[in-house]
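These notes are about the structure you will find just below.
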Amino acid sequence: MLVRQEKPEDYEEIYAVVKSAFESAEHSDGNEQDLVNALRTGAAYVPELSLVAEVDGKIVGHIMFTKAHVGEHTVLALAPLSVLPGYQRRGIGTVLVTQGHKIAKKLGYGYSVVLGSEKYYPRLGYVTAQTYGILPPFEVPKENFMAYKLNEDAHGIKGVLQYSKEFGLD
């Protein structure tokens, strides 16, 4: 498996991967693929943190981390993580998250925040975001709103997460 930064010529295939990955997801609003496209054109986009996983030249997974804010601090929002249904439960998502964390740490980010499965993300080191003083901008079970400290020397933060406008939460 090859993990690399996405390229413009990948966008159509990524759209299909994200759409397929979320068609049978338990919690989905059905527009994750459109969110990816919107985030790419916004100020929160970090090209180095939009990654694909390839198997035999075929894109089978995608992950995107974009800038978000907690007070004056810039953090990352992990959303979405997508793996084609036929390739799920093979560790592809774990590799994408881990690689994304390595790159994010090198880029100097302190935290990654995710709204996701309380069964999946804790295996990757995520804990309730409240642990780090990060609060959700809407009502959500605390076990589903999680954060990962990318750098041990990251500043302590406290406040409500502000997603980029493309998430449509304003």
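Where a number appears in this text, it was derived from the coordinates with a stated rule and is not lab data. Computed from a predicted model, the values in this text were never measured in an experiment. Backbone-built Cβ (ideal geometry, glycine too); neighbour counts: all protein chains shown.
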### Message
For the pairs K119/K165; K58/K105; K106/K149; K7/K119; K105/K149, flag any whose C-alpha to C-alpha distance is greater than 20 Å.
### Response
K119/K165; K58/K105; K7/K119
## Note on the structure
Whole-Å distance linking the alpha carbon centroid of the stretch 1-69 with that of the stretch 135-152 is 21 Å
### Task
Taking H placed 1.01 Å from N in the peptide plane, check which residues at least 5 places from E6 or on another chain put their amide H under 5 Å from its amide H.
S50, L51, V52
### Summary
Label model pair L107, E72: point-to-point distance (7 angstrom along the Cα→beta-carbon line) in nm is 2.3 nm
### Task
Only loop residues by DSSP count here, and only those with at most 16 other Cβ atoms within 10 Å; note down the trypsin sites (Lys or Arg not before Pro) in the stretch 73-170 that meet that.
R89, R90, K119, K158
### Task
Report the residue, chosen from F138, F22, F65, that carries the largest GNM mean-square fluctuation when the chain is represented by alpha-carbon nodes joined by springs under 10 Å.
F138
### Task
Principal axes first, then extents: for the Cα atoms of the stretch 103-170, list largest minus smallest coordinate on each axis, whole Å, largest first.
30, 27, 21
